[in-house]
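Below is one structure, written out as structure tokens, with a few remarks after it.
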Amino acid sequence: MRFATFCLAIFLAACASTPPIEMAGVDPTLTPDRALSNVDAARGRRVGWGGAIVNTKNLKDATEIEVLGYPLAKDGRPDLRASPQHRFLLVRQGYLEAADYRNGRLVSAVGTVAGTRNGMVGEAPYVYPVLHADEIYLWPVEQERRDGSNVNFGIGVGVIFGR
């Protein structure tokens, strides 16, 4: 019985997911909303933000991604069951393919707050907090949870019949 319990514990630990980006040293309390409310205090601080991509633009030397922010779950994935936070701009040096970083995809990033930028959401003026990303993770489509669960079990039987 003890051996079975030990094996089950090892199996469950192996299934536990760790964030795909390094979250050490981030300030989990500094959300996009809070960064916007006191940008001078937020500037230069290391944060981990994520959410659903709204738009991606390739610039001369960087890629700018507009993200509808959501709090991050323990595994670093944006938690779509929570209320959305403020939109933010994620800026990453170099080229990222806009077809991959398309509207609706989930993204998580770690970097430093760089300030704010004025923009528009539709025809309304909007102030975005800006995150200069050191690390960015685009969540695979097949892993985007629809039911909020990150545990899946499956048992299958394959049978092949000859003619």
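The values are calculated or read from the model by the stated rules, or taken from the named source; none is laboratory data. From a predicted model like this one, the values you see are computed outputs, not experimental measurements. Don't worry about glycine lacking a Cβ; one is built from the backbone with ideal geometry, like all the others, and counts go over all protein chains shown.
Scanning the range 76-121 for residues that are polar (S, T, N, Q) and assigned to a strand (DSSP E or B) returns 93, 108, 112, 116, 118. Does the range 117-135 contain any residue that is touching a helix residue (DSSP H, G or I) at 6+ places or on another chain (Cβ under 9 Å) and surrounded by fewer than 18 Cβ atoms within 10 Å (Cβ to Cβ)? Yes: the range 117-135 contains one or more residues that are touching a helix residue (DSSP H, G or I) at 6+ places or on another chain (Cβ under 9 Å) and surrounded by fewer than 18 Cβ atoms within 10 Å (Cβ to Cβ). Among the residues of the range 70-85, is any in contact with a helix residue (DSSP H, G or I) (Cβ under 9 Å, 6 or more places away or on another chain), under 20 Å from residue 20 (Cα atoms) and of a type in the set (Lys, Arg)? Yes, the range 70-85 contains a residue that is in contact with a helix residue (DSSP H, G or I) (Cβ under 9 Å, 6 or more places away or on another chain), under 20 Å from residue 20 (Cα atoms) and of a type in the set (Lys, Arg). Only one entry in 44, 48, 25 is of a type outside the set (Lys, Arg), at pLDDT 95 or above and either more than 14 Å from the chain's Cα centre (by Cα) or in a loop (DSSP other than H, G, I, E, B) (or both), namely 44.
Residues considered: 40, 27, 61, 79. Of these, the only one that is within 12 Å of residue 129 (Cα to Cα) and not aliphatic (A, V, I, L, M) is 40.
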